[in-house]
Amino acid sequence: MDLASILIVLAIIVLCALPFIFGSFRGLDRTADDLEGRDPQTARALRKARKDIDHGKGYYGPRQ
């Protein structure tokens, strides 16, 4: 395979993976909305986790 073919295959793999990557981040928001009525504390924690991920803190970021 030449370089162009390898790049095309890699681009196709990345494009196929994007919905799964973005879906995992949207999943926190959807789950928080679903839990709002039943468990507001967990919904707040999920929204805080999403905010931390957006600010680059992730699960291992600095604690405040």
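Derivation of every value follows stated rules applied to the coordinates shown; laboratory data play no part. These numbers come from a predicted model, not from an experiment. Cβ: placed from backbone, ideal geometry, glycine included. Neighbour counts: every protein chain shown.
Worth a mention:
- Segments 27-38, 43-54, 11-22 sorted - mean Cβ within 10 Å per residue, highest first: 43-54, 27-38, 11-22
- If R0 is 35 Å, the Cβ-Cβ spacing of Ile6 and Asp54 corresponds to a FRET efficiency of close to 0.60.
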